[in-house]
Amino acid sequence: MSSPKSKRVCLVSEPGLIQQATRAMLGSIPDVVVVATASGALSATAMISQLQPDLLLVDANLPDDEVEALLYWSRENYPWLQSIVMTRTSRQRSQVLAWGAHAAIPRASLSDELRVVLDQSTYSNKPEKP
């Protein structure tokens, strides 16, 4: 069960070791609850609509067109939903930020950088969740 201040996360990543490791790492962060795990953009949109998470964490191991479509869709339909993309290269980082991600975190330093971004997002100036 999540506390009132918990960040509710929807993780979007292809099934496999990276997804499992990311989910386990998220489980080790206080006040973070993974409410959904999606294997692609289409299943993520249904889960976001139903569960209304606070954070969308996307692994750039998905095809570029899926990541781009999901970021645009989430920004248009859920402007309060913070989106963070785990990237492998600086090119990917620039690309996902241009597509509307709130942050891009190198996958190699995910644990440390995600904690910083989550702390900062508590005080961000984004639209309120209805």
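Please go through the stretch 84-104 and pick out each residue that is among the hydroxyl-bearing types (S, T, Y) and free of Cβ contacts under 8 Å to residues at least 24 places away in the same chain.
Our first condition is that a residue be among the hydroxyl-bearing types (S, T, Y); within the stretch 84-104, this holds for 87, 89-90, 94.
Within the stretch 84-104, T89, S90, S94 meet the criteria.
Just so you know, in the stretch 10-43 the residues that are out of contact with any Asp or Glu (no Cβ under 9 Å at 6 or more places or on another chain) and under 15 Å from P63 (Cα atoms) include one that is modelled with the lowest pLDDT, and it is P15. The residues in the stretch 55-74 that are surrounded by fewer than 19 Cβ atoms within 10 Å (Cβ to Cβ) and in contact (Cβ under 8 Å) with a residue 40 or more places away in the chain can be counted, and the count is 1.
Taking the criterion of being within 19 Å of I18 (Cβ to Cβ) and either of a type in the set (V, I, T) or assigned to a strand (DSSP E or B) (or both), the residues of the stretch 36-62 that qualify are A36, T37, A38, L55, L56, L57, V58, D59. Residues of the stretch 8-35 that are over 11 Å from the mean Cα position of the chain (by Cα) and not in a helix (DSSP H, G or I): E14, P15, G16, S28, I29, P30, D31, V32, V33, V35. What tally of residues in the stretch 64-99 results from selecting those that are under 12 Å from the mean Cα position of the chain (by Cα) and part of a loop (DSSP other than H, G, I, E, B)? Within the stretch 64-99, residues that are under 12 Å from the mean Cα position of the chain (by Cα) and part of a loop (DSSP other than H, G, I, E, B) number 1.
Among L114, L51, which is the only one that is closer than 18 Å to L11 by Cβ and modelled with pLDDT of 95 or more?
Numbers: L114 fails: modelled with pLDDT of 95 or more.
None of the other options fit; the residue is L51.
Name every residue in the stretch 1-53 that is touching a Cys at 6+ places or on another chain (Cβ under 9 Å) and of a type in the set (D, E), in order of residue number. Matches in the stretch 1-53: none.
Taken over the stretch 1-43, the criterion of being free of Cβ contacts under 8 Å to residues at least 40 places away in the same chain, crowded, with 18+ Cβ neighbours inside 10 Å and hydroxyl-bearing (S, T, Y) is satisfied by T37 alone. Select, from Y72, Y78, the only residue that is in contact with a Phe, Trp or Tyr (Cβ under 7 Å, 6 or more places away or on another chain), over 22 Å from R115 (Cβ atoms) and of a type in the set (S, T, Y). The match here is Y72.
Those residues that are without any contact (Cβ under 8 Å) to a residue 40 or more places away in the chain and of a type outside the set (S, T, Y), I need them from the stretch 44-54; list them, please. A44, A46, M47, I48, Q50, listed by residue number.
Checked against the criterion of being of a type in the set (V, I, T) and farther than 11 Å from C10 by Cβ, the candidates V33, V67 yield just one match: V67.
The values are calculated or read from the model by the stated rules, or taken from the named source; none is laboratory data. Here the structure is a predicted model, which is why all the values come from computation and not from measurement. Cβ sites come from the backbone with ideal geometry, for glycine too, and all protein chains shown count toward neighbours.
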